[in-house]
Structures are given as structure tokens and as C-alpha cells.
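> Take a look at the following structure, please.
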Ligand SMILES: *Cc1c(COP(=O)(O)O)cnc(C)c1O
């Protein structure tokens, strides 16, 4: 049985209050036994359920129009077709099932875009566990359809009014709940963030994405792709798409939200972007040492992105480490480029992507489009991880598109009744 990763170079660790240590130790033990050791057939049950309930494997599809546009073979890993419309179910189902094996009676989670809350609520309903989801008030307003989905699945959605009312505050609130309910409750963290063993465990539940990319690539074009591109918020779909390919000769690009600009207003404590891999500095947030957006006094800065799923001041410690090592190349794509890519993928390929996912496609356009900067030469085959579908983002997209004059966007006002 392998040992769980707790540190990734200088990143990771367990920076938690004393009250949480028993829960962290119990979880570490359960992760080793069930996830790494397949005790009681945990892994077999997880694999069976993620197939039957989740719909795995997801397809690896050639994108014909994008391949023509960029002059290389572009393949799409269709995590948007996983049940719930995003990659998030891999992790949510894994953790809720683990909680069951651990004898827990209640599930809590936080959510930003609402995707993790939705996935957790679905998994909890599927496995018959009571579930409470903390969500920032601002995100509740931005993502109402997902709030309804969670409630329909029987979850209680608790608004968080602290701070700016987004993911960062919701995480802190959920940690507070967990500290006082550890005996009965499991906290399902939604990305490869938080104290060990979460980053490694969440990566393991998502690594099925890169295992399938490996198999399907060999099947479809007889070799591994030259590059894999994924968007990175906390970085779970990224690490899922990279994990099984780290030792291979495959270029890995993690695309972050460049927001409206990469410059920072120190006085206001606000970064108009979420590019912690490209611009962050080392610090501690939510239980782990990692790259963070912080001011010169070490205060965490608020982040910004047009997509709430990327709107986070930190990033997974393993991804931060892989960037420092030079194994993963970070890139930042701004709100405008992401919106343009959203419309392009919708029109050219018939796939309406999540705004988060659109950043990964914005990267292709930025480096290899007709007006591209040529900063990266794309290899012969590129796999882009389509982390989720865009149904949840339609209102935001209409609003943001109407504010801008985007060349390739339809005029939304014609849809007004
Ligand atoms: C949540 C989400 C993300 C960002 O989370 P990661 O942990 O960085 O993967 C990206 N895409 C979609 C569709 C999401 O729902």
C-alpha cells in the first residue's frame, strides 16, 4: 500500500486548528485503507458507481472545426458529459462513498459556482446521506439554477454573508462547522486544496480522467497526445487530466483566469484576476501552504473572474509545486478571451462550455489563433479537458456579452420576448 502524499515540495501540509486534527487523522487513515488499499472493495464499488451513476468513461472526441482552425489535431475530453455536467462528480461521489465506509452520518460541503455543491448533493442523494451546502450569498445570486438543483436533491443550502460572499468565505464557514461536528460529519472538499490528505485524495478520485485520456488516445490516434490543456481554479480537473501523464513526454498547460487585468490594486486588497499560479506568492490558506494572491503584508486578496468556479485566491499545492518544478506551464486568459472562446466553441463545435472551461479554449486562440501571439507552438495532437457544460452560465454570459463588443458573439437582445 502506498503512503499518502502530504507535502508537494514546500507546499501542502496540514495547517489546521487543533480541533480538526482528529478528523484529519481519521480521514488520512481511511484514505490509506479504502482508497489506496481497496479495503472492503471500496475502489471496486467506486468504479462501478462512477460508471453506472456517473456515465464513465466520458468520450474523447475530435474537434473538427478547431482542428482546422489551429492546424493541429484537437481532441476534447468530454467531462461535460459526466452526470451533473462537470468533472466534479468524480470527487464528490468518491468522498461521499468514503464517508459511508467511515460510518459518517452527515455530509457538508462548500460551493462557489454551485457545481461542487450540485455534485455533492447528487452523490449524497444517490448514497442516501443527509447533506448541507454552504454557499456565498453573492454566488447564490449568480448561480440560482444550481441552488435549485441542490435543493431538489434534498440538500440544505446555507447562505454565507461574510466578506464578499464567495467561495473563500464559504470554505471558512464549512471548516467551522466541521470543527464542531467531526465525529458524525464528513467535509467534502471540492478541489485539490485544503489540508492533507485532501489534495492527494481528490486528485486520486479525478485521475480517472487522465487514465482514460491515455487509453483513448492510444485507441484513437495510436499515441499519447503532445499536450493536455485544462483550466485551473483550485486545479482538480487539471490534476485529474494530468496525473497519469506526469511521467510521460506530454506538455501540460494549466490555464487560469486572467480576469479583467493582471495588475493589482494593493490598497483595495483586490486582484482583478485569479491567476495564483502565474502571479501568486507562497502563503497559507485553508489548511495548506501554496501559491496565493496576497498583498505585501501577506493579507489574502480577493480574486476576480467572470467564471465563479475559477474565482479563488489560492490553488492546489501539488499544482503549485509542479509549476515551480517546470513540469506544468501556467497561462492566464482574461475574461474577454474566455467569453470569445465560449461563443466560438458553441458555434463551431456545438458544445456550450462552462465559462471556466472556456478559458482553456481561450488559451488555444491566444497562442495559435489567426491573431495569436505564437508564444507556444502547439504539438501535433492536443487534448483539451472540457471540464463542464455551460448551462449554468447562460445568464452570466448574456449579461457579460452585452457589456462588450465581441466579434463572434450573437446579439442577445434579439432573444428578448
Ligand atoms: C469547479 C469547476 C472548475 C474549477 O475547479 P477545479 O478544481 O480547478 O477543476 C472548472 N470547470 C468547471 C466546469 C467547474 O465546475
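> I need to check one value: relative contact order of the stretch 66-174, counting alpha carbon pairs closer than 8 Å and at least 6 residues apart, in percent.
Values: 175 pairs, mean separation 25.6, N = 109.
Dividing the mean separation by the residue count of the stretch 66-174 yields 23 percent.
> Which of these, 146, 385, 91, has the largest mean-square fluctuation under a Gaussian network model of the chain (Cα springs below 10 Å)?
146
> Give me the distance between the Cα centres of the stretch 104-145 and the stretch 317-336, rounded to whole Å.
Taking the Cα centre of the stretch 317-336 as reference, the centre of the stretch 104-145 is 28 Å away.
> Still on this structure, please answer the following. Applying a 10 Å radius around every beta-carbon, put 245-251, 352-358, 281-287, 22-28 in order of their mean neighbour count, most first. Walk me through the intermediate numbers first.
Values: 245-251: 14.9, 352-358: 28.6, 281-287: 19.1, 22-28: 17.4.
The most tightly packed comes first, giving 352-358, 281-287, 22-28, 245-251.
> Taking the alpha-carbon centroid of each part, what is the distance from the stretch 240-282 to the stretch 70-86 in angstrom?
21
> So what are the radius of gyration and Dmax for the Cα set of the stretch 300-382, in Å?
14.0, 40
> Considering only DSSP beta bridges with both partners in the chain, what is the antiparallel share in %, to the nearest 5?
Numbers: 15 of 49 bridges.
Rounded to the nearest five, the antiparallel share is 30 percent.
> Report the relative contact order of the stretch 3-81, percent, no decimals, based on alpha-carbon pairs under 8 angstrom and at least 6 residues apart.
Values: 46 pairs, mean separation 13.5, N = 79.
After rounding, I find 17 percent.
> Taking Cα pairs under 8 Å and at least six residues apart, what relative contact order does the chain come out at, in percent? Before the final figure, lay out each step's value.
On the way: 911 pairs, mean separation 74.9, N = 417.
Value for the chain: 18 percent.
> In terms of the ratio Rg/(2.2 N^0.38 Å) built on C-alpha atoms, what value belongs to the stretch 170-315?
Working: Rg = 17.1 Å, N = 146, 2.2 N^0.38 = 14.6 Å.
Normalised by 2.2 N^0.38 Å, the Cα Rg of the stretch 170-315 equals 1.17.
> Add -39500 (n - 2.57) for each DSSP H run of 4 or more in the chain, then divide by its residues: what number comes out at 222 nm, to the nearest 500 deg cm²/dmol?
Details: 16 runs with 164 residues, N = 417.
That comes out to -11500 deg cm²/dmol.
> Same structure again: Can you give the alpha-carbon Rg of the stretch 139-227 over 2.2 N^0.38 Å, where N counts its residues? Don't skip to the answer; put the middle values down first.
On the way: Rg = 18.2 Å, N = 89, 2.2 N^0.38 = 12.1 Å.
The stretch 139-227 yields a ratio of 1.50.
> Across all directions of projection, what mean area in square nanometres is found for the Cα convex hull of the chain? Numbers along the way, then the final one.
Details: hull surface 77.0 nm².
Result: 19.2 nm².
> On to the next question. What whole number of Å gives the distance from the Cα centroid of the stretch 27-43 to the Cα centroid of the stretch 292-313?
Cα centroid to Cα centroid, the span is 34 Å.
> Considering only the stretch 212-369, what is the antiparallel percent among its DSSP beta bridges, to the nearest 5? Spell out each step's value before the answer.
Numbers: 7 of 20 bridges.
Approximately 35 percent, going by the DSSP bridge assignments.
Quick note: the coordinates plus some simple rules give every number you see, no bench work behind them. Keep in mind that this is a model prediction, so the values were computed, not measured. Don't worry about glycine lacking a Cβ; one is built from the backbone with ideal geometry, like all the others, and counts go over all protein chains shown.
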